[in-house]
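All remarks here apply to the structure that follows.
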Amino acid sequence: MRGMEEKIKKEGQILPGGILKVGSFLNQQIDTAFLYEIGEEIARLFKDSGVTKILTIESSGIAIAAAAGMSMGVPVVFAKKHKTSNVDGDIYSVPVHSFTHGIDYNVVVSSDYLTSDDHVLLVDDFLASGNALIGLVDLCSQAGAQVAGAAVAIEKRFQGGGDALRSKGIRIEPLACIESMEDDNLTFCQVETL
């Protein structure tokens, strides 16, 4: 998706520690017209995958997942980073390390919302080391759900998470792929799919 690369070039900011700030359009302030395009592109990429549900992790993935869900006409479920009082009954749970925040979360999904009948598309804003998506794959496994693949807005290929997931046979579709990122310079890579 050329539009994602252009947005990153124009509005993205490289921060110390391998962080790419895209808060002006993707995950703090959201460019809703662009979000619509993202949803349509994800729907196009996975139109023949039999997706029945989209799964993401709070909070930055929710807007992207919702846009894709609307375009695909399927429900969106998000894993909460903490079990709260409104999550009761049986749950699926897995520890996930956040690269951005540098902490571990025990993410949870109610068993009411993820079942063995589901064919799940995973959606997130970033794919770096892959911890969030690996956690979501684990939640699907606990539920007996099938994983159709994963759509991410931005893959930071140099951090290896996408390659690890691809080696497990998971289809990864990034809308932009960054090969390297240093100071004020980033290099986009060719997007590869499984």
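Going through 122, 139 one at a time, which residue ends up being buried (at least 16 other Cβ atoms within 10 Å of the Cβ), part of a strand (DSSP E or B) and out of contact with any Asp or Glu (no Cβ under 8 Å at 6 or more places or on another chain)?
From the options 122, 139, the qualifying one is 122.
Every residue, every condition in (1) of a type in the set (D, E, K, R); (2) exposed (fewer than 13 other Cβ atoms within 10 Å of the Cβ); (3) closer than 18 Å to residue 159 by Cβ; (4) at pLDDT below 95, yes or no:
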{"site": "2", "(1), (2), (3), (4)": "yes, yes, no, yes"}
{"site": "7", "(1), (2), (3), (4)": "yes, no, no, no"}
{"site": "14", "(1), (2), (3), (4)": "no, no, yes, yes"}
{"site": "20", "(1), (2), (3), (4)": "no, no, yes, yes"}
{"site": "23", "(1), (2), (3), (4)": "no, no, no, yes"}
{"site": "31", "(1), (2), (3), (4)": "yes, no, no, no"}
{"site": "34", "(1), (2), (3), (4)": "no, no, no, no"}
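Are there any pairs, at least 6 apart or on different chains, whose C-beta atoms fall under 6 Å, with the first in region 37-51 and at pLDDT 95 or above and the second surrounded by 15 or more Cβ atoms within 10 Å (Cβ to Cβ) and part of a loop (DSSP other than H, G, I, E, B), and if so, which?
The qualifying pairs are 41/1; 51/74.
Name the residue, out of 145, 150, that is within 27 Å of residue 40 (Cβ to Cβ), modelled with pLDDT of 95 or more and more than 12 Å from the chain's Cα centre (by Cα).
The unique qualifying residue is 145.
Test of understanding: among 186, 194, which residue is at pLDDT below 95 and assigned to a strand (DSSP E or B)?
Every option except 186 fails the conditions.
Looking at this structure, is residue 69 exposed (fewer than 13 other Cβ atoms within 10 Å of the Cβ) and either assigned to a loop (DSSP other than H, G, I, E, B) or touching a Pro at 6+ places or on another chain (Cβ under 8 Å) (or both)?
No.
Condition first: assigned to a strand (DSSP E or B) and not aliphatic (A, V, I, L, M). Now tell me which residues in region 5-45 satisfy that.
13, 21, listed by residue number.
If the requirement is being part of a loop (DSSP other than H, G, I, E, B) and β-branched (Val, Ile, Thr), which of these qualifies: 100, 56?
100
Of the numbered conditions (1) free of Cβ contacts under 8 Å to residues at least 24 places away in the same chain; (2) within 24 Å of residue 34 (Cβ to Cβ), residue 125 satisfies every one except a single condition; which is it?
Here residue 125 clears every test but (1).
Return yes or no: is residue 153 among the small types (Gly, Ala, Ser), over 24 Å from residue 2 (Cα atoms), crowded, with 22+ Cβ neighbours inside 10 Å and touching a residue at least 24 places away in the same chain (Cβ under 8 Å)?
For residue 153, the condition - among the small types (Gly, Ala, Ser), over 24 Å from residue 2 (Cα atoms), crowded, with 22+ Cβ neighbours inside 10 Å and touching a residue at least 24 places away in the same chain (Cβ under 8 Å) - is not met.
The values are calculated or read from the model by the stated rules, or taken from the named source; none is laboratory data. All values derive from a computational prediction rather than experimental measurement. Don't worry about glycine lacking a Cβ; one is built from the backbone with ideal geometry, like all the others, and counts go over all protein chains shown.
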